[in-house]
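Here's the structure, in structure tokens; my notes come after.
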Amino acid sequence: MRQIAALPYRLDSDTEASGIRVLLVTSRGTGRWVIPKGNIDAGLSPHAAAALEAQEEAGVRGALCPIALGSYRYRKRRSSGASLMVDVEVFPLAVNDELPVWKEQDQRERKWFSLSDAANAIDEPDLRDLIRSFAPAEFKALVRRTGVIGAMAKKSGVGTMFGWFQRLLPKTGNFFELFEAHAATVLAGAEATSRLLNGGPSSKEHIREIIEREHDADNITREVLKTVRKTFLTPFDRGAITALVGALDDTIDEMQAAAQAIDLYEITAFSQEMRDMAGIIVDAARLAAEAMPLLRDVGRNGDRLHELTERLVRIEGHADEIHDAGLKRSLQQHGATDTLQFIVEREIYKHLERIVDAFEDVADQIDGIVIDHA
């Protein structure tokens, strides 16, 4: 048997587990905590079915990435008494809207958990592992506690007696803080892009936020370049630092270009393929934001960084397929009857594709750093 599920999440700057919180709901039968899941309805794609389950069971909507985060198995008891194995694909859903009224509100409770608390509340071992792997707190906690020298000292057992040596080293700049700030800005821009492509009366506000986020990212980029020029000892090759922040900046530059095109052509309705690509963009931005703190200790975190970049590259390939399908459908619908509409939609698809391509460039830059320093 095969089912689908959504993993609704949001990012809060004042929470533990790197600010990520997960929404769980209670099951109707036993009242235990689960994620919204169900069967794939006829005529729906797996991720569209997952989005529908999240709306009906948990009362949430948002940007759902059409590429599954992973899968887990559990046994489902049938009315016949048989206990059958079910494979469940899980799709990450960045929550934009919590509905005050939803279909199953009288049958379920919903509650936000930290990643660790959500994993502990879940019964299925595979799902617990999947939730923990979403953005492991242990990696983030480690890289914030210790730098490369601190990690080496801990591993070697030398301890803190060489703290004086660290103070004698030339200043290495605040590159990691700047990388993390830039990635957080990109993620905020991606979420605003997703809200924009959901349509609705607030498009002007979403466009304005994207432009403001792009300006914030430009300021961070300039600070990185200025810090590179005045810093004697950098954590990575200077070219790698500028290339990484440049790739990050390209992602939000293209978000701004897409928003400006939408504003120029006064587009208010967006195809499912466009919304699917927006979901991929949010997930890619989340992955990039998780990767940045791990660069503080590349040697220790090399494996996890490789997992993140591998998913970034993989979802870029899926985005290309969605882009081609959407462009083909637009041509079939408008090519012969409304050429201008096709040209406008092709322009939007072009910008969305470039955003995802820029995230693949971010993955390539991270891989290069891992190769050189892990």
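In whole angstrom, note down how far apart the Cα centers of the stretch 84-116 and the stretch 247-280 are.
Taking the Cα centre of the stretch 247-280 as reference, the centre of the stretch 84-116 is 27 Å away.
Could you list which residues have their amide H under 5 Å from that of I20, counting only those 5 or more apart in sequence or on another chain, with H placed in the peptide plane?
Those qualifying (amide H under 5 Å, at least 5 residues apart or on another chain) are D12.
Using a basic spin-label model with each label point 7 Å from the Cα along Cα→Cβ, how many nm lie between L84 and D357?
In this crude label model, L84 to D357 measures out at 4.5 nm.
What ratio of Cα Rg to 2.2 N^0.38 Å holds for the chain?
Details: Rg = 22.1 Å, N = 374, 2.2 N^0.38 = 20.9 Å.
In units of the globular-protein estimate, the chain measures up at 1.06.
Tell me the carbon and sulfur percent of the accessible area for the chain, rounded to whole percent, probe radius 1.4 Å.
The computed percentage sits at 49.
Run the simple label-point estimate for R32 and A121 please: 7 Å along Cα→C-beta, distance reported in nm.
Roughly 1.5 nm, to one decimal.
Long-range amide H contacts for I67: which residues qualify at under 5 Å (H placed 1.01 Å from N, peptide plane, sequence gap of 5 or more or a different chain)?
Sorted by chain and number, the residues that satisfy this come to none at all.
From largest to smallest, what semi-axes in whole angstrom does the stretch 189-306 give when each is the square root of 5 times an eigenvalue of its alpha carbon gyration tensor?
Semi-axes from the Cα gyration tensor: 32, 18, 9 Å.
On average, how much accessible surface per residue is there in the stretch 217-302, in Å², for a 1.4 Å probe, leaving out ligands, DNA and RNA? The partial results should precede the final answer.
Values: 3120 Å² over 86 residues.
Here the residues of the stretch 217-302 average 36 Å² of exposed surface.
Given Cα positions, please report Rg to Rh for the stretch 314-370, the hydrodynamic radius being the Kirkwood one.
Numbers: Rg = 14.6 Å, Rh = 12.5 Å.
So for the stretch 314-370, dividing Rg by the Kirkwood Rh gives 1.17.
The values are calculated or read from the model by the stated rules, or taken from the named source; none is laboratory data. Quick caveat, the model's predicted, so the values are computed rather than measured. No Cβ is skipped: glycine too gets one built from the backbone with ideal geometry, and neighbour counts run over all protein chains shown. Accessible surface areas use protein heavy atoms only, side chains included; no ligands, DNA or RNA. Shrake-Rupley method; radii C 1.70, N 1.55, O 1.52, S 1.80 Å.
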